[in-house]
């Protein structure tokens, strides 16, 4: 039976999540996320994907209030599809980036604006607290003031746990000096950002989850996966009679028991394939070949 629990679990504070989750960034639209001319996704299809994910054991959903298209909001789709929420469902959101209703990007939130962003996520999701809020970092050198503002909201009961997104190692050190950090969410995948390997290991040593985004899309980022595939990845996929995306997810999960993946899709069949990747067991020889691809040695 295909189940997200096949990849194991991890603790985000006292919250237990299956290591295969779901990323909602591309859910509100077809094609590239945040593209001004992107067509809104069919509402029933989006709801079906979310419900299918939960049926398959996914209990960790990553979202944000700035994930929206002309007619669709990821948060409100999640609310419509899944409320009343299952007791074990963990919804992680992020704050920092902001968009106008037109879709245009605005300056990053100031520390004083973060409460309003947290409350907007609460309203859209229909919750009285947020399980996990990641501070999404831009180009700033210090996150201390912003993270301290979120720590105050945690102390006030609006947030249970805090994380970081798009950060460098010194940002993690700054945040840990203020409050506990349960996860770091950075761009990472097979052959994509191998310089992140040290941070992945450092998070594991500290008991902090590492949550890669763009693990499938890589350099394609918001546009999604595309382009040619490395011969070794394709060969291993053929040997297991699975997709190359499933091989990439399985490799990512093997980077450590603290690594959580959040592949996103708008297709219920792709959702099933993504969850099934948790049961894919790669041999030591296959992992060595993929590690070489990751380092650029082959």
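The values are calculated or read from the model by the stated rules, or taken from the named source; none is laboratory data. What you see is a predicted model, and the numbers here were worked out from it, not measured in a lab. Using ideal geometry, Cβ is built from the backbone for each residue, glycine included, and neighbour counts are taken over all protein chains shown.
The one condition from (1) modelled with pLDDT of 95 or more; (2) surrounded by fewer than 22 Cβ atoms within 10 Å (Cβ to Cβ) that residue 139 does not meet is (1). Taken over the range 5-64, the residue count meeting the criterion of being touching a helix residue (DSSP H, G or I) at 6+ places or on another chain (Cβ under 9 Å), assigned to a helix (DSSP H, G or I) and farther than 19 Å from residue 211 by Cβ is 8. Picking from residues in the range 249-279 that are without any contact (Cβ under 8 Å) to a residue 60 or more places away in the chain and in contact with a helix residue (DSSP H, G or I) (Cβ under 7 Å, 6 or more places away or on another chain), the one that is farthest from residue 12 (Cα to Cα) is 273. A single entry from 64, 83 fulfils the requirement of being under 14 Å from the mean Cα position of the chain (by Cα) and over 22 Å from residue 269 (Cα atoms): 64. Taking the range 148-257 as the region of interest, the helices (runs of 4 or more DSSP H) fully inside it that hold 3 or more residues being touching a strand residue (DSSP E or B) at 6+ places or on another chain (Cβ under 9 Å) are 169-176, 197-206, 244-253. Screening residue 273 against (1) out of contact with any strand residue (DSSP E or B) (no Cβ under 9 Å at 6 or more places or on another chain); (2) farther than 26 Å from residue 91 by Cα leaves a single unmet condition, (2).
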